[in-house]
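**Student:** What follows is a single structure, and I will ask about it in a moment.
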Amino acid sequence: MGLHTAEVIVVGGGPAGSTVAGHLAERGLDVLVLDKDRFGRNKPCAGGITARALSALGFALPEKIVREECHVFRAVMGDKVREVRFSEPYAITVDRRELDAFLLQRAEQLGAVVHMNEEVLAVQPQTDGMLVQTAEAAYRAPLVIGADGFPSRVARTFGRKGLLTAAACLCADVSLPSDSSRFHGVLETHWGLFRWGYAWVFPKKDHLSVGLGTWDGCRKDLKSLWARFVRSQGLPTAKAKGHLIPIGGTTQLITADNLILVGDAAGFADPLTGEGLYYAFASAREAADTILSLKRSGLPYTANNLARYKKTCWELFGRDLKCAARLNKIAQRYPELWQQAFSEPTNWFAQALKVVQGEKSYRQLYYWALPRLPWLWARKNITKKAEVM
């Protein structure tokens, strides 16, 4: 087993890892990416990328991996449907195998060295950086970037005890029905089918991504819920796969001496929708900016120096994640309020949609909603009494 060196070792070649590797390699750093899998692997994912996430990515995706441009967002709860049409694409859909492969190939073209099918077994601090061990070799670098998803082995190595709070999703690629006109160009979500979660149907040109997500990561009946939802939509069943989604945010460990975490490994995911690609791209960019700034200044990668990354993440989206987590707790404790908000003819739905579009922040939504919740609760009770009478 030989000892190899690099300036930066990125553990994990998913969207966050390949994006930060590309940013650093493009600016001349010697970057090594280690990933335990071979691409393209089939990642369970809805595959929707909002305009906000594309903006955070910082460069255009090739047309060949864009499955559909979606101009319509549709939300369904029981017999009520809310639908909004946009002049510009609200989001695009992609196949995660194609997206992940493109981002990794781009990083490689920019100069990063990529080792696939090489699982990291241990990460150990050294006096001059980090020692990373795999079954094939040992590597040394002044800095390791943990981009190994959730739960992160790199994060656990450096003091994160147990799992972050977890949501769960289950999804599959499903064949198009004979009449598929309802689905093309539309991101469709379904609410109120079960407690603490939602379902989705996203178009992928020649098939659909159908899935459900729940904030209860320990739920045991996801497969039966998924199958029931698919049948209710008149769609063929398929073998669904699932994974956990971190709901942690910036209160967790994301930096240490010679270590920085990005994307899911850092716990960056939307506590309400489970969306993670925006946070993967944004945290990758902020991590790269911090690393390049320290390199230009000749400063070591100590926890104190890397704290700038945590600060910029907090300013960019940390407050939002915290407020989204508070809204999540309200929705979990009082699911009937969520349903009442959906039913209101006022602008609750419009306000929430602006957050997903990036026009408003969760912080703004939280402080907009907070004084209106008692009124919403009163409306719910009045409606319930009227139904009884």
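The values are calculated or read from the model by the stated rules, or taken from the named source; none is laboratory data. Since the structure is predicted, the reported quantities are computational estimates derived from the model, not experimental observations. Cβ: placed from backbone, ideal geometry, glycine included. Neighbour counts: every protein chain shown.
**Student:** Which residues, taken from the range 182-211, are of a type in the set (A, V, I, L, M, F, W, C), farther than 16 Å from residue 49 by Cβ and either more than 18 Å from the chain's Cα centre (by Cα) or not in a strand (DSSP E or B) (or both)?
**Tutor:** Listed by number, the residues that qualify are 183, 191, 193, 194, 196, 208.
**Student:** If a residue must be buried (at least 19 other Cβ atoms within 10 Å of the Cβ) and in contact (Cβ under 8 Å) with a residue 60 or more places away in the chain, how many such residues does the range 78-93 contain?
**Tutor:** 3
**Student:** When you look at residue 179, is it of a type outside the set (Phe, Trp, Tyr), in a loop (DSSP other than H, G, I, E, B) and not assigned by TED's automatic domain parsing to the domain that holds residue 259, yes or no?
**Tutor:** Yes: the conditions hold for residue 179.
**Student:** Looking at the range 265-297, which of the residues that are touching a Cys at 6+ places or on another chain (Cβ under 9 Å) and farther than 16 Å from residue 314 by Cβ is surrounded by the most Cβ atoms within 10 Å (Cβ to Cβ)?
**Tutor:** Checking each candidate, the answer is 277.
**Student:** What residue, of 270, 257, is without any contact (Cβ under 8 Å) to a residue 60 or more places away in the chain and assigned by TED's automatic domain parsing to the domain that holds residue 27?
**Tutor:** 270
**Student:** Do you know which of the residues in the range 94-119 that are of a type in the set (Asp, Glu) and crowded, with 17+ Cβ neighbours inside 10 Å is farthest from residue 69 (Cα to Cα)?
**Tutor:** Only one residue tops the list, namely 118.
**Student:** Just to be sure, is residue 282 farther than 26 Å from residue 365 by Cα, touching a Leu at 6+ places or on another chain (Cβ under 8 Å) and touching a residue at least 60 places away in the same chain (Cβ under 8 Å)?
**Tutor:** Criteria not met by residue 282.
**Student:** Output the residue which, of all residues in the range 255-264 that are assigned to a loop (DSSP other than H, G, I, E, B) and not aliphatic (A, V, I, L, M), is surrounded by the most Cβ atoms within 10 Å (Cβ to Cβ).
**Tutor:** Looking at residues that are assigned to a loop (DSSP other than H, G, I, E, B) and not aliphatic (A, V, I, L, M), I get 258.
**Student:** Among the strands (runs of 3 or more DSSP E) lying completely within the range 98-165, list those that include at least 1 residues that are over 25 Å from residue 244 (Cα atoms) and among the aromatic types (Phe, Trp, Tyr).
**Tutor:** Output list reads 138-141.
**Student:** Then there's this: Only one of (1) crowded, with 16+ Cβ neighbours inside 10 Å; (2) among the polar types (S, T, N, Q); (3) at pLDDT 85 or above fails for residue 302. Which number is that?
**Tutor:** Single failed check for residue 302: (1).
**Student:** Can you name every residue in the range 353-378 that is hydrophobic (A, V, I, L, M, F, W, C) and within 18 Å of the chain's Cα centre (by Cα)?
**Tutor:** Once the filter is applied, which keeps residues that are hydrophobic (A, V, I, L, M, F, W, C) and within 18 Å of the chain's Cα centre (by Cα), the range 353-378 yields 353, 355, 356.
**Student:** Restricting the search to the range 1-50, which residues are surrounded by fewer than 18 Cβ atoms within 10 Å (Cβ to Cβ) and not charged (D, E, K, R)?
**Tutor:** Selection gives 1, 2, 3, 4, 5, 28, 40, 42, 44.
**Student:** Something else: Evaluate the range 314-327: report whether one residue or more is among the aliphatic types (A, V, I, L, M) and within 26 Å of residue 126 (Cβ to Cβ).
**Tutor:** Checked against the condition, which is being among the aliphatic types (A, V, I, L, M) and within 26 Å of residue 126 (Cβ to Cβ), the range 314-327 yields no hits at all.
**Student:** Go through 114, 66, 72 for me and flag whichever is touching a helix residue (DSSP H, G or I) at 6+ places or on another chain (Cβ under 8 Å) and either among the aromatic types (Phe, Trp, Tyr) or at pLDDT 90 or above (or both).
**Tutor:** 114
**Student:** Can you work out which of the residues in the range 184-197 that are among the aromatic types (Phe, Trp, Tyr) and in contact (Cβ under 8 Å) with a residue 40 or more places away in the chain is surrounded by the fewest Cβ atoms within 10 Å (Cβ to Cβ)?
**Tutor:** 196
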